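The values are calculated or read from the model by the stated rules, or taken from the named source; none is laboratory data. These numbers were taken from a predicted model, which means no experiment stands behind them. Note that we place each Cβ from the backbone using ideal geometry, even for glycine, and neighbour counts take in every protein chain shown.
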Amino acid sequence: MSRGPRVAVIVFPGTWSDRDFAHAASLLGWEARLVWHAETVLPDPDAVVLPGGFAHGDYLRTGAIARFSPAMRAVEAFAAAGGPVLGSCNGFQILTEAGILPGALLRNDHLEFRCEWQPLRVERAAGPWLGELHPGETIRLPISHGEGRYFADAAALDELERSARVVLRYADPAGTVNAAANPNGSLRSIAGIVNERGNVLGLMPHPERAMEDETGGSDGLRLLRSLDAWLVAQPAVAERRL
Amino acid sequence: MRWLAEVHVRLRPGIADPEGQTIAGGLRALGYDTVAEVRAGKLLRLAFEAADRGTAEAALDEMCRRLLANPVMETADWELRAGDQDAEQRA
């Protein structure tokens, strides 16, 4: 491999985690390209990140305006072609508004904004964003949101479970999923899901804020590093980078 | 011609509405203990141009479907009336 993965980080007006992702990329040996939301073409990325924040002020609904930003048409095409896409926090909200992932994120059930370290149970460890994790393990990532209550109707939830697309659930430090460990009232304690193909991950927690043990933990580094091995295993991508 | 619409966006029935519950709690704390439920929503007022009522209704339906409400969790209904341009010009 002649270079690390090139990751396009989409920046909307009001995005706040773009520089954290750029810092995370530097620790991982990735090349981060910040892409303004008004761009219509992506810089030939290996992966796309939709970071957290409050795109367009989160007016009307979280992500409702952002999903129509010009860059999102390119992101949708990239995702549809199987490209790895990660949406964290506001990025997850944008992915659901765009219909790339099912469901919606509603106001936290207690109305508080929660910014804290949160244990998560890994339900599935496969694909570009989770391959380095282990099913059943408990990881810790920061959450930082006021609107993270995952909602989908019962049929959609059952389909997510049946197809093993619920990948992260809020848990207590021992890894037990229960109501007390659920920080926002998400149905079935859902913290992260993937699309049918598994290339698109949406999660409310912030892996880019868990990169160094000196600042509280590095499970985000393990999660994001999954991309490296996954890309190497894709012949087309590996060939392009020679 | 000009049309004026009021669009009401509501959470679908059965979806927990903590904002409405909190408002209901506030009312009960003021002594309005007969309040059984409050549901919070959004009121959007639109002014727009359309050739006739049918075109205006179709445009409103489309705006609600594409942006103003998320059908996963919300419903939208609206009231539409012809705008009085003469009155607006006098104001």
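Per-structure values
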read-out	value
Checking A:Pro70 against (1) surrounded by fewer than 15 Cβ atoms within 10 Å (Cβ to Cβ); (2) under 22 Å from A:Leu227 (Cβ atoms), the condition it does not meet	(2)
Residue among B:Ala5, B:Ala50, B:Ala69, B:Ala76 that is on the phi < 0 side of the Ramachandran plot, within 13 Å of chain A (Cβ to nearest Cβ) and touching a helix residue (DSSP H, G or I) at 6+ places or on another chain (Cβ under 6 Å)	B:Ala76
Single residue of A:Ala98, A:Ala125 found to be touching a helix residue (DSSP H, G or I) at 6+ places or on another chain (Cβ under 9 Å) and within 14 Å of another protein chain (Cβ to nearest Cβ)	A:Ala98
Counted residues, the range A:110-130 - those being assigned to a loop (DSSP other than H, G, I, E, B) and over 29 Å from A:Pro45 (Cα atoms)	4
In the range A:145-164, the residues that are within 27 Å of A:Asp46 (Cα to Cα) and of a type in the set (Gly, Ala, Ser)	A:Ser163, A:Ala164
Some residue of the range A:31-49 being touching an Asp or Glu at 6+ places or on another chain (Cβ under 7 Å), at pLDDT 95 or above and assigned to a loop (DSSP other than H, G, I, E, B)	no
Answer residue from the range B:17-45, given it is exposed (fewer than 15 other Cβ atoms within 10 Å of the Cβ) and touching a Gly at 6+ places or on another chain (Cβ under 8 Å) and is farthest from B:Ala82 (Cα to Cα) among those	B:Glu37
Positions within the range A:73-95 being under 22 Å from A:Gly4 (Cβ atoms) and surrounded by fewer than 24 Cβ atoms within 10 Å (Cβ to Cβ), in sequence order	A:Ala74, A:Phe78, A:Ala79, A:Ala81, A:Gly82, A:Gly83
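Residue-by-condition table, conditions (1) within 15 Å of the chain's Cα centre (by Cα); (2) assigned to a loop (DSSP other than H, G, I, E, B); (3) within 14 Å of chain A (Cβ to nearest Cβ):
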{"site": "B:Ala16", "(1), (2), (3)": "no, yes, yes"}
{"site": "B:Ile23", "(1), (2), (3)": "no, no, yes"}
{"site": "B:Arg28", "(1), (2), (3)": "no, no, no"}
{"site": "B:Ala36", "(1), (2), (3)": "no, yes, no"}
{"site": "B:Arg39", "(1), (2), (3)": "yes, yes, yes"}
{"site": "B:Ala56", "(1), (2), (3)": "no, no, no"}
{"site": "B:Leu60", "(1), (2), (3)": "yes, no, no"}
{"site": "B:Arg81", "(1), (2), (3)": "yes, no, no"}
